[in-house]
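A short worksheet on the structure shown next.
The values are calculated or read from the model by the stated rules, or taken from the named source; none is laboratory data. Predicted, not measured: the structure shown is a model, and the values here were computed from it. Here the Cβ positions follow ideal geometry from the backbone for every residue, glycine too, while neighbour counts run over all protein chains shown. The accessibility values were calculated without ligands, DNA or RNA, using every heavy atom of the protein model including side chains. Shrake-Rupley method; radii C 1.70, N 1.55, O 1.52, S 1.80 Å.
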Amino acid sequence: MARKYVIGGNWKMNKTIAESDEFLKEFKKEIGDLSKHVDIIIFPPFTSLSSACKNLKGSSIHVGAQNMYKEKKGPYTGEISPKMILETGATHVILGHSERREYFHESNEMIAAKARLAHDSNLQPVICIGETLEQRNSGQTEEVLKKQLHGSLGGLTPVQMQQTILAYEPVWAIGTGLTASPEQAQEAHQFIRSQLSSMFDKKSAEVTRIQYGGSVKPQNAKELFEQADIDGGLVGGASLDPDAFMKIIQKVPQ
Ligand code: PEP
């Protein structure tokens, strides 16, 4: 079954509203009909969501938030709800990025609760998983991925799973300039897909899109995207530059 490629640009805590507007003006001009072959999602900071959605109105480029809380409303200072995100026009949300897991101590259970609420709210989640270098070097990669998958996807139905995007992001490759080799990435993606088959069903394993993330650049994107189980990329650093981000999107096989 053919899965449509999906490329996300995770801007993290970068770009003011003015900088975001400037990027999108240039990016929109250059995208042409590329977004017919590939889903493109820009994840700006919360403050730029509304203006990014206005800038991209009429284009097929999607906008997503980088996080949300697991409750619909209430006394959670500093947090943001799915309804608030949807109101900006955004359609997607990243959940469980390794920086959230590491610096904000987000557990698999917390991420699963957010994922269920995202689906109930009609926001499409992009759920991140991945091992540290220490875990990889001590042969624990599959065990770690299995635990993250079981924990972070807990309570999702097969249909919700099929509408979830997974991002395999080895922690040691994020923002470090180190990239998993195409073979290492393919091996992990294949393992993830086999887990989806046993956790959900065969269809979920076939349909769910799995992005690779971790220092994706114009120079390494092609070989990564050519792997059988890699359905695109979640791009951090290189998505801050419209030219580099565009070059990565152009590497998607057509
Ligand atoms: C990310 O933030 O999800 C990421 C993969 O970052 P980078 O591309 O900078 O490694």
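Below are the figures for this structure:
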read-out	value
Neighbourhood net charge (13 Å Cβ-Cβ; Lys/Arg +1, Asp/Glu -1) for residue 203	+1
Karplus 3J(HN,Hα) series, Hz, for the range 162-169 with 6.51 cos²θ - 1.76 cosθ + 1.60 (x for Gly, Pro)	5, 9, 9, 9, 9, 10, 8, 10
Cα gyration tensor category, rounded, prolate or oblate, for the range 28-107 with a/c compared to 1.5	prolate
When each of 114/146; 83/217; 4/203; 29/54; 4/28; 57/217 is checked by Cα-Cα distance, pairs over 22 Å	83/217; 57/217
Summed residue charge, Cβ within 13 Å of residue 241's Cβ, Lys/Arg positive, Asp/Glu negative	-2
Positive-end extreme of charge dipole, the chain - chosen from 129, 78, 119 (charges on Cβ)	119
Per-peptide average of other Cβ atoms within 10 Å, ordering 93-102, 36-45, 235-244 highest first	93-102, 36-45, 235-244
Net charge dipole size for the chain [Lys, Arg +1 and Asp, Glu -1 on Cβ; Debye, nearest 20]	660 debye
Inter-label distance for residue 50 and residue 37, nm, one decimal - labels placed 7 Å from Cα along Cα-to-Cβ	3.7 nm
Average Cα contact separation per residue, the range 62-196, under 8 Å, 6 or more apart, as relative contact order %	22 percent
Low-density loop cleavage sites - GluC sites (Glu not before Pro) in the range 146-254, where at most 13 other Cβ are within 10 Å (DSSP)	226
About the Cα centre, charge dipole magnitude for the range 14-117 (Lys/Arg +1, Asp/Glu -1 at Cβ), debye	380 debye
Protein-only accessible surface order, largest first, of 176, 88, 47 at 1.4 Å	47, 176, 88
Dipole moment magnitude, nearest 20 debye, the range 154-226 about Cα centre, only Lys, Arg, Asp, Glu C-beta charged	180 debye
Distant-in-sequence amide H partners of residue 6 (H built 1.01 Å from N, under 5 Å)	39, 232, 233
Amide H partners (placed H, <5 Å) of residue 174, local residues excluded	none
Relative contact order computed over the chain (Cα-Cα under 8 Å; 6+ residues apart), in percent	20 percent
Cβ-based charge dipole, the range 138-254, positive-most Cα from 152, 192, 182	152
Where chymotrypsin sites (Phe, Trp or Tyr not before Pro) in DSSP loops with at most 15 other Cβ within 10 Å are excluded, longest remaining stretch of the chain	105-254
Phi to ³J(HN,Hα) by Karplus 6.51 cos²θ - 1.76 cosθ + 1.60 over the range 154-160, Hz, x for Gly, Pro	x, x, 6, 7, x, 5, 5
Built amide H within the under 5 Å cut-off of residue 95, gap 5+	126, 127, 128
Gained length - residue 76 relative to residue 60, 0.36 nm times residue gap less alpha-carbon distance	2.4 nm
